[in-house]
Amino acid sequence: SAMDKAAMEKAIATSGRTRDIIRKHGFTFKKSLGQNFLINARVLDQIIEAADLDETKGALEVGPGIGSLTERLAKAAGKVTAVEIDRRLIPILQDVLDPYDNVSVVHGDVLKTDLRALWEERFAGLAGVSVVANLPYYVTTPIIMKLLEDRLPLDNIVVMVQKEVAVRMAAKPGGKDYGSLTVAVQYYCEPELVCIVPGSSFIPAPNVESAVIRLKRRRAPAVDVRDEDRFFRVVQASFAQRRKTLANNLTAFSGKERKGELAELLTACGVQPERRAETLSLQEFAAVYEALEKAGMSD
Ligand code: SAM
């Protein structure tokens, strides 16, 4: 709308280097690609600091935009690879990143990228690799899940996400923010909130508050489960209807005819059937899954 355009013009007019680059290339933002470029230098520095990089390490950036974070990564890490979906940004990135010989830009959709192959091609021999990004919000969860499930050898994931999503990833059992995303993230990582970031730190400003979160990859998953896919299916089924008890959600999952058996089984592993999924720790989810698995009720 006209208002948006005026607000954007104002923001661009106050953001030095980003303005220059956008003007020079006549770039226009695509909302559908989650294009909110970070213009707050202090926040960019905080992201770099949280990523804990050095010249022996690599960084994968998802969605480099016009390269504001990429430039800092190039200075902080040994090697940087940035995957950007918007073809219009590729020549801009080539221009901005021209001074750096340790950065490569890949044009593509990160969700369709073979990250294992990219790792071998780009990051072989490095002491560690972290994912560092100001994520496009419309695909935050699929990107995070892909990074975790592809079982890549990575140290940290340091990302800007919607504040609400960061709160869910870092949630403790017992509240409405605790859900299947929480369990999935905390199964693989230790989350740590780095900072809350207001909309005014971006152009154009998103309608929501943002946050930088650091997900520190665990050496081994938080709990030991026989089959991860089936474990996560049980977790997801437990949260299927948030107002329902664990017993009711799991009955819908494993079949009405086994309702009685299920209640006994939950009680036997120390989880009262009336509890709600949001109150269960990862250890309790693992115990419930293990009991279902043994009873042949986990898929
Ligand atoms: N890193 C830049 C910054 O901080 O200013 C831009 C961040 S912006 C929030 C998200 C970026 O991700 C945009 O450049 C957008 O084009 C890109 N993007 C969106 N979807 C993508 C996808 N599926 N794969 C790769 N990049 C994507």
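Taken together, the values in this text are just the output of simple stated rules run on the coordinates, not laboratory data. None of the values given here were measured: they were computed from a predicted structure. Neighbour counts run over all protein chains shown; Cβ positions are idealised from the backbone, glycine included.
Quick one: work out the % antiparallel among DSSP beta bridges in the chain, nearest 5.
50 percent
What number comes out for the charge environment of Asp227, summing +1 per Lys or Arg and -1 per Asp or Glu over other residues with Cβ under 15 Å away?
Computed value for this residue: -2.
Taking neighbour Cβ counts within 10 Å as the exposure measure, how do Ser130, Ser68, Ser200 sort from fewest upward?
Ser200, Ser68, Ser130
Measure nothing but the geometry: give the 0 to 90° angle between the long axis through the Cα atoms of 140-149 and the longest principal axis through the Cα atoms of the chain, rounded to 10°.
In the chain, helix 140-149 runs at an angle near 70 degrees to the longest axis.
With label points built 7 Å along Cα→Cβ from the Cα atoms of Lys216 and Glu228, find their separation and express it in nm.
Output for this residue pair reads 2.1 nm.
Between rounded, prolate and oblate, where does segment 125-247 land on the alpha carbon gyration tensor, with a ≥ b ≥ c its root eigenvalues, rounded for a/c under 1.5, else prolate if a/b exceeds b/c?
Here segment 125-247 falls in the oblate category.
Using the 10 angstrom Cβ neighbour count as an exposure proxy, how do Lys176, Lys146 rank, fewest first?
Result, fewest neighbours first: Lys176, Lys146.
On a 0 to 90° scale, report how tilted helix 16-25 is relative to the longest principal axis of the chain, with both axes built from alpha carbons and the result rounded to the nearest 10.
Roughly 80 degrees between the two axes.
What is the sum of charges around Leu44, taking Lys and Arg as +1, Asp and Glu as -1, for the other residues whose C-beta is under 14 Å from the C-beta of Leu44? Please list the in-between numbers first.
On the way: positive: Arg17, Arg42, Arg72, Lys75; negative: Asp45, Glu49, Glu61, Glu71.
Net of charged neighbours comes to 0.
Taking the Cα atoms only, what angle lies between the long axis of helix 2-13 and the longest principal axis of the chain, rounded to 10 degrees?
For helix 2-13, the angle is close to 60 degrees.
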